[in-house]
Amino acid sequence: MAGITDGRVVVITGAARGLGRAHALEFAAEGARVLVNDLGVERDGSGGASEPAQEVVAEIRAKGGEAEANAADVADWDQAEAMIAQAVDTWGRLDTLVCNAGFLRDRMLANMSESEWDAIMRVHLKGHFAPARHAVAHWRDRSKAGEMVQGRVINTSSGAGLLGSIGQGNYAAAKAGVAALTIQQAAEWGRYGVMVNAIAPDARTRMTAGIMYTEDVPEGWDEKDPANASPLVVWLGSDACDVTGRVFEIAGGALNVCDGWQHGHVVDVGRKFVAAEVGDAVHASIAGSPEPAPVYGAS
């Protein structure tokens, strides 16, 4: 029985461990041919090794699937382009891009260095844009040639990006940017047959174990298993997906769409405000609008 991504060519960044590895295995199990991208860096982005990506490739092949490894730095423009080209050269086309690569440099904003800010913006935000920019060039060319394209991009945001997270200001800002980028990409790229969505997963990975969650894996049903997020990612990356420009939270066996910034209650005085009356208007607008969710870690 064919899977829902049977024959599709999928590039997954940061696919050697955690969420990315789970996505790679799930896509392969559903029949996709997978390019497993990973630099093999540590949790803070230091170091690098090719073995982790090769291990995932070997695991997929051992189960009868098709996979190749890639060690591109996804935030490097030329390397990202070469990564997309590798998938196209190997299998003749690209169908789905999953942007998942990232690492952490956590610190309170008052103590954060410029390099800690820049590193997170680079890997998460530019590391989402660069591969997708080269992927859409491929899809645009195919579309202009008269081909019916069913391109799919799945970005990885975070609850931190949607709500904020104490001690993770750089990461929260970058992941908020990913959510906004998703909406922008979907609006611009639909004309080429491309649908773009994002997930905000809640899972135990190298980035959360020992910080948000214990490293101990429970017996039986594990709500924090990163593999729980993968069926949603696979569906979003398949030609069965019929939604675009949305962000979905996924935690265990529960998912929900996230509603982004919306216009709140409008207070209109019909003329230029007087500074002394602005406070009353601000409080009236707040009172007539939904309460925001609390920032993670806030007291």
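The values are calculated or read from the model by the stated rules, or taken from the named source; none is laboratory data. Computed from a prediction, not measured in an experiment: that's the story for all the values here. FYI the Cβ positions are ideal-geometry reconstructions off the backbone, even for glycines, and counts take in every protein chain you see.
At a glance:
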item	result
Matching option when the condition is crowded, with 23+ Cβ neighbours inside 10 Å, in a helix (DSSP H, G or I) and aliphatic (A, V, I, L, M), among Ala110, Ala22, Ala72	Ala22
Extreme residue, surrounded by the fewest Cβ atoms within 10 Å (Cβ to Cβ), among residues of region 25-52 that are assigned to a helix (DSSP H, G or I) and modelled with pLDDT of 95 or more	Ala29
Single residue of region 216-227 satisfying the filter (under 19 Å from the mean Cα position of the chain (by Cα) and either in a loop (DSSP other than H, G, I, E, B) or free of Cβ contacts under 8 Å to residues at least 60 places away in the same chain (or both)) that is farthest from Gly159 (Cα to Cα)	Asp225
Gly161, sole failed condition from (1) in a helix (DSSP H, G or I); (2) free of Cβ contacts under 8 Å to residues at least 40 places away in the same chain; (3) surrounded by fewer than 19 Cβ atoms within 10 Å (Cβ to Cβ)	(3)
Residue match in region 253-274 (condition: without any contact (Cβ under 8 Å) to a residue 60 or more places away in the chain, among the small types (Gly, Ala, Ser) and either touching a strand residue (DSSP E or B) at 6+ places or on another chain (Cβ under 8 Å) or under 17 Å from Ile199 (Cα atoms) (or both))	yes
Boolean, Gly193 is touching a helix residue (DSSP H, G or I) at 6+ places or on another chain (Cβ under 9 Å), modelled with pLDDT of 95 or more, under 24 Å from Asp6 (Cα atoms) and surrounded by 15 or more Cβ atoms within 10 Å (Cβ to Cβ)	yes
Residues of region 238-258 that turn out to be β-branched (Val, Ile, Thr) and part of a loop (DSSP other than H, G, I, E, B), as a count	2
Exclusive hit being at pLDDT 95 or above, assigned to a helix (DSSP H, G or I) and over 18 Å from Ala87 (Cβ atoms), set Ala176, Ala198, Ala135	Ala176
Where a residue in region 133-147 is at positive phi and its partner, wherever it lies, is loosely packed, with under 13 Cβ neighbours inside 10 Å, with Cβ under 6 Å and at least six apart	none
Hits in region 138-158 (condition: of a type in the set (Gly, Ala, Ser), surrounded by 23 or more Cβ atoms within 10 Å (Cβ to Cβ) and not in a strand (DSSP E or B))	Ser157, Ser158
Gly102 touching a Ser or Thr at 6+ places or on another chain (Cβ under 8 Å) and assigned to a loop (DSSP other than H, G, I, E, B)	yes
